[in-house]
Amino acid sequence: MTDNESAPPQTTSILDVLLATEPLGDAAAVVDATTRLTYRQLWQRVAATAETLHRRGLRPGDRVAVCLPNEVAAVVSFLAVVCSRMVWIGLDPRSPLPERQKLIDSVGAGAIVARPASAGGLRPAGTGAVIDAGRVEESLADDGGRRLRADPPDPGTLAIIAFTSGTTGNPRAIGHSHWNLLLPGYYRSREQILGAHPRMGVCLPLSIGNVMALGPLFSLQAQTTCVLIDSRRAPEVAGQISRERVTTISLPPAIVLDLVRDERVTPDLLASLDHPSTGGAGCSDELKAAYRGKFGVDIARTYGLTEVPTVAAVEDWDAPAPPGSSGRVLPYLRALVVDGDGQLLPLGEVGEIWLSAATEGAWAGYYTPMLGEWTAAGLSRAAGGPLRTGDIGFLDTHSTVTIVDRKRSLIVRGGANVSPAEVERALQRHPGVRESAVFGLPDERLGERVVALVAADEGVSAAVLTAYAREQLAAYKVPSEFRFAESLPRNAMLKIDRPAARRMLAALLAGASEETS
């Protein structure tokens, strides 16, 4: 993009993007394991769902919770909600019922769109409605003339409420505008980051706002096909990538590891995949190298946040970033690294990452920050100034960011800071360790001690890992205790659910104490 091109198109809404696809007609728009929609059919289904929402008494500004797996109906429902100037809230049907209900109550969702199997027990706010997504589809009949009737939303108005992953506490409800959601795809499309005609695969849950923006919304902007994958099993993910000739997909490290290790996943199955990326959690240098070694293509690491939304930094497939890093900060963002007093730190020094809109360059002025956080009183508008990410890291001269850890996760042991992520990376270099989570627990003498919860192969003991960690880490960073589990709990993004893992660790420690008492 050059400096003399048009001003930022911040007059664009998601409805405008959908309207622009009308000439595509019979081209494939959205595909899942059993259903293929052309753009014409997508229009019809969005219109039918929008009509259903209006008949149920829902109006602009109302919050609508959509609880569907990665299927065509999830995309249709999202578009119907936001194009009708309502506010979308995504719920993962795999999550426990009390957790989903808590999110519904927190935002006062007046309607729930779901399949009967996942709607059971859910209660909308007030006298709201539970809408069966299957019934909406059946109502289509052969009405090929149905049109979406809606006034265009203001691009700056609230489109979604997205929940942070809650890995360190209760999730926050973040409000984003239409333009917030469209900017990442607009940038990718204009710069052709993923090639001229990408076929977008999505295996992370569409209940996550970032995933909806980088998957289906980007596909609409690029006027291409979005392939929805509702599986976390490596052979099934690889099979659908192969059948649908997917060219780009974002994979959590857990699935990347499975693709590498599973002998049923052969390189030819991923031959179409020329722009894979990984996000949601840290991807080690060793895993990145193993992926390239098996499939012959680099997998790009990313750094993203719900509050941005989506990604803030991405590796270049043609010029991978330095070891351990998460890629270059996107040109519409400005990243700073500050100390505990908010003072700017030099390049290379570790501090908290702050993000704001770029103030120079071709993409200056495009980024708009999140609208705010939803509270019991409604949308609390975001304060001005940079976004304080809470992530600890550093920048280099090429605006490449390396994330060290979460600010709130740091362990203070005897006055020295210990990064759980650093210890976890060291442990996971051991060939017998599948996953790990490291915590600081209260210690009378040191303030906190370092304790590790590990899922490992048979024969990997605490003594083995202690000896290994001593070879990798300074003595004060080596865990003083290890506890073992078959697997560690994960959230919808397949990140380790740290609050749940901490509870698991506490239970294991308590059980050991009872046995020795």
Please determine whether any residue of segment 254-270 is in contact with a Lys or Arg (Cβ under 6 Å, 6 or more places away or on another chain), of a type in the set (Val, Ile, Thr) and more than 24 Å from residue 327 (Cβ to Cβ). no
Per the filter on segment 8-27, residues of a type in the set (A, V, I, L, M) and either in a helix (DSSP H, G or I) or closer than 18 Å to residue 78 by Cβ (or both) are 14, 15, 17, 18, 19, 20, 24
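Can you name every residue in segment 196-254 that is of a type in the set (Asp, Glu) and either buried (at least 23 other Cβ atoms within 10 Å of the Cβ) or assigned to a loop (DSSP other than H, G, I, E, B) (or both)? Explain how you work it out, then say what you get.
Start the filter on segment 196-254 by keeping residues that are of a type in the set (Asp, Glu), which leaves 230, 236, 244.
Correct list: 230 only.
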For segment 446-469, which residues satisfy the criterion of being more than 34 Å from the chain's Cα centre (by Cα) and either surrounded by 15 or more Cβ atoms within 10 Å (Cβ to Cβ) or at negative phi (or both)? 446, 463, 464, 467
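Mind checking whether some residue in segment 470-483 is at positive phi and touching a residue at least 60 places away in the same chain (Cβ under 8 Å)? So that I can check it myself, show each step before the final result.
Within segment 470-483, the subset at positive phi is none.
No, segment 470-483 contains no residue that is at positive phi and touching a residue at least 60 places away in the same chain (Cβ under 8 Å).
Of these, 59, 85, which one is basic (Lys, Arg), in the same structural domain as residue 164 (by TED's automatic domain parsing), touching a Ser or Thr at 6+ places or on another chain (Cβ under 8 Å) and outside any strand (DSSP E or B)? Full working, then the answer.
Numbers: 59 fails: touching a Ser or Thr at 6+ places or on another chain (Cβ under 8 Å).
Checking each option against the conditions leaves just 85.
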Could you grab me the full set of residues in segment 470-496 that are of a type in the set (A, V, I, L, M, F, W, C), crowded, with 18+ Cβ neighbours inside 10 Å and part of a strand (DSSP E or B)? 482, 496
Identity of the residue in segment 365-423, among the hydrophobic types (A, V, I, L, M, F, W, C) and in a loop (DSSP other than H, G, I, E, B), that ends up farthest from residue 444 (Cα to Cα): 371
Please pick out the residue among 90, 120, 128, 145 that is modelled with pLDDT under 90 and under 20 Å from residue 375 (Cα atoms). 128
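Just one of 49, 21 is more than 16 Å from residue 205 (Cβ to Cβ), assigned by TED's automatic domain parsing to the domain that holds residue 162, crowded, with 23+ Cβ neighbours inside 10 Å and at pLDDT below 95; which is it? Can you show your working first?
Values: 21 fails: crowded, with 23+ Cβ neighbours inside 10 Å.
Matching residue, one of 49, 21: 49.
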Within the bounds of segment 246-266, is there any residue that is more than 21 Å from residue 390 (Cα to Cα), among the charged types (D, E, K, R) and either in contact with a strand residue (DSSP E or B) (Cβ under 7 Å, 6 or more places away or on another chain) or in contact (Cβ under 8 Å) with a residue 60 or more places away in the chain (or both)? no
Residues of segment 403-431 being over 28 Å from the mean Cα position of the chain (by Cα) and more than 19 Å from residue 350 (Cα to Cα), which ones? 414
Restricting attention to segment 326-364, report how many residues are in contact (Cβ under 8 Å) with a residue 60 or more places away in the chain and either touching a Lys or Arg at 6+ places or on another chain (Cβ under 7 Å) or not in a loop (DSSP other than H, G, I, E, B) (or both). 5
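The values are calculated or read from the model by the stated rules, or taken from the named source; none is laboratory data. No experiment lies behind these values; they were computed from the predicted model shown. Reconstructed Cβ throughout: ideal geometry from the backbone, glycine too, with neighbour counts over all protein chains shown.
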